Every structure is written in C-alpha cells, then in structure tokens.
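Undergrad: Below is the structure I would like to discuss, written out as structure tokens.
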Amino acid sequence: MKYLLPVIILPFFTLVSSQDTGLGQVRAAFANANIPEDLSITFNPSTLLEVSLPQASGSPITLHAGVQLPRDSTAGPPSFSLVGTTSRGPFVIAAVDPDAPTPQTPTASQIRHFLGGNFFKTGLGNAILNTTAAVSGFLQPTPPAGSPAHRYVFLVFNQPPGFDTQTIVTPSTSISLFNISSFAEQVGLGAPIGGTFMLVAPNA
Ligand SMILES: *[C@@H]1O[C@H](CO)[C@@H](O)[C@H](O)[C@H]1NC(C)=O
Ligand SMILES: *[C@@H]1O[C@H](CO)[C@@H](O)[C@H](O)[C@H]1NC(C)=O
C-alpha cells in the first residue's frame, strides 16, 4: 500500500507539468523517436531547451519532448528559454522536420522550419531573445493530408564566431532537403547542447 501513492501521483504530475523536467527524459525521448540517427547528430543535452508556442486564447503551450499538438496550436512564432546553463549566449536555434512528405518516404527532408542566431540571455530569467532577424523565419507545421504525424525537432547550439556572415543558408535558400548535421559541420556549430520536439498530424 505504501508504494501505491507515488504510482498514482506520478502520472498525474506528468500530465500537469507540461515542460521537460530532466535531461535524461529528453535524451530518452529523442532516442525512442530515433531522432539522433535520423538527423545524424550526437544528442547529449547539457541544458533544457524550452519552446513555447503562443495560443490564440489562453496561455502559451510549452513543449515537452514528444508531445503531440493539434496543428492549430502551432502557428507560433515560438519563444525560447534555456534552463541549466551558465552561458548567456549567443546561441543558434534550428527546427527541422525529418518526415516530409511522410515519415515512410521522407524524400523532401529535412524541411527547415526555423534557423536563427544571436539568441542571448538578457535578464535574470531563462528566456533567450534574438537580436537579429532569423535566417529562416518560423514556418508552421503543414504535414500533408494522409500523412502520419511528423516530428518537428528544435535544437540549440553554441554560436561559433562568424555565424552571422555564413552564406551556406540564407533567407533565399530552399527550405527542403536541408541537413542540420552537415550544416552544423560546415559552420562549426558542434553538437547541439539541448533540444526538444513535438508531433503534429495533418488537420482532419
Ligand atoms: C527572432 O525569432 C523569432 C522566432 O522566435 C522570429 O519570428 C523573429 O523574426 C526573429 N527576429 C527578431 C529580430 O526578433
Ligand atoms: C547529412 O549529413 C551527414 C554528414 O554531416 C551525413 O552523414 C548524412 O548522411 C546526411 N543525411 C542525408 C539524409 O543526406
């Protein structure tokens, strides 16, 4: 009887607290969803990336790794926080869809849904704010009708010197057939220091 209480409370608590609470939990969710392999990245997060999506009514939704959201809740633009790092930045954030047009046949992947640099911690809190326009502005998930849910993966990197002058990806570069691993190698981003992801299915 004495073990029953935690068992009952824990799942409830998981439902109530929406954001990611531990690095191990995020790493496991990424591994279970096969993301490191599909993106060709090493994922050993040292900080929690909180991604919050504003809602037409009510408070913003903060992702926890692997949450499925109705497409209508994902219009964005997202705001970001970093929990558990002493660095104040700058940071680069990228969001990609490895499942386009479908997870079974991802011939257009990755789709770049966001790429921006110069995110800094500015105040006492964990929010990181960008001081320059994004390279690729946020694009709402649009999985095609008939497709299963896609994974939309957000990654944060330490920003290397010279990032602002890179020309490998510009606002006019096609958003499809992106490769975050190869981009990271080319501009010296290294491995991501944090991340999270959501699942979004087509509108019925
Ligand atoms: C900052 O990032 C947001 C996405 O969170 C984006 O919509 C915006 O264009 C970026 N640039 C500036 C200057 O805020
Ligand atoms: C992406 O680039 C990495 C090299 O960084 C490569 O190993 C991988 O095969 C590429 N992925 C695709 C889908 O081309």
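Yes or no, residue by residue, for (1) at pLDDT below 60; (2) within 16 Å of ligand 2 (Cβ to nearest atom); (3) touching a His at 6+ places or on another chain (Cβ under 7 Å):
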residue: P6; (1), (2), (3): yes, no, no
residue: I9; (1), (2), (3): yes, no, no
residue: F12; (1), (2), (3): yes, no, no
residue: D20; (1), (2), (3): no, no, yes
residue: I35; (1), (2), (3): no, yes, no
residue: L39; (1), (2), (3): no, yes, no
residue: S46; (1), (2), (3): no, no, no
residue: P54; (1), (2), (3): no, no, no
residue: G58; (1), (2), (3): no, no, no
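Undergrad: Condition (residue is within 16 Å of ligand 2 (Cβ to nearest atom) and free of Cβ contacts under 8 Å to residues at least 24 places away in the same chain) applied to the stretch 159-166: is it met by at least one residue?
TA: yes
Undergrad: Quick check: anything in the stretch 73-87 buried (at least 19 other Cβ atoms within 10 Å of the Cβ) and within 15 Å of ligand 2 (Cβ to nearest atom)?
TA: Scanning the stretch 73-87 turns up no residue that is buried (at least 19 other Cβ atoms within 10 Å of the Cβ) and within 15 Å of ligand 2 (Cβ to nearest atom).
Undergrad: Sticking with this structure for a sec: Suppose we filter A100, A149, A108, A134 for residues that are within 16 Å of ligand 1 (Cβ to nearest atom), surrounded by 15 or more Cβ atoms within 10 Å (Cβ to Cβ) and aliphatic (A, V, I, L, M); which single one remains?
TA: Unique residue meeting the criteria: A134.
Undergrad: Mind checking whether some residue in the stretch 173-194 is part of a strand (DSSP E or B) and either within 16 Å of ligand 2 (Cβ to nearest atom) or closer than 19 Å to L49 by Cα (or both)?
TA: yes
Undergrad: Determine which member of the set F157, F138 is in contact with a Pro (Cβ under 8 Å, 6 or more places away or on another chain), in a loop (DSSP other than H, G, I, E, B) and within 20 Å of S79 (Cβ to Cβ).
TA: Exactly one residue qualifies, and that residue is F138.
Undergrad: Tell me which residues, restricted to the stretch 153-172, are within 18 Å of L48 (Cα to Cα) and within 16 Å of ligand 1 (Cβ to nearest atom).
TA: V153, F154, L155, V156, F157, Q159
Undergrad: Sticking with this structure for a sec: Residue check, P45 against (1) within 15 Å of ligand 1 (Cβ to nearest atom); (2) within 24 Å of V187 (Cα to Cα); (3) part of a loop (DSSP other than H, G, I, E, B), all met but one. Which one?
TA: (1)
Undergrad: Could you give me the residue pairs with C-beta distances under 8 Å whose first residue belongs to the stretch 55-79 and is part of a loop (DSSP other than H, G, I, E, B), whose second residue is away from ligand 1 (no atom under 15 Å from the Cβ) and of a type in the set (F, W, Y) wherever it lies, and which are 6+ apart or on separate chains?
TA: Listed pairs, sorted by first residue: L63/F197; A65/F30; A65/F197; G66/F197.
Undergrad: Going through P54, P77 one at a time, which residue ends up being touching a Pro at 6+ places or on another chain (Cβ under 6 Å) and either within 13 Å of ligand 1 (Cβ to nearest atom) or within 27 Å of V187 (Cβ to Cβ) (or both)?
TA: Just a single option satisfies the conditions, and that option is P54.
Undergrad: Right, next: Is it fair to say I93 is hydrophobic (A, V, I, L, M, F, W, C), within 16 Å of ligand 1 (Cβ to nearest atom) and either surrounded by fewer than 18 Cβ atoms within 10 Å (Cβ to Cβ) or under 18 Å from N179 (Cα atoms) (or both)?
TA: Yes: the conditions hold for I93.
The values are calculated or read from the model by the stated rules, or taken from the named source; none is laboratory data. Predicted model, so just to flag it, every value in this text is computed and none were measured. Virtual Cβ from ideal backbone geometry, glycine too; neighbours counted across all protein chains shown.
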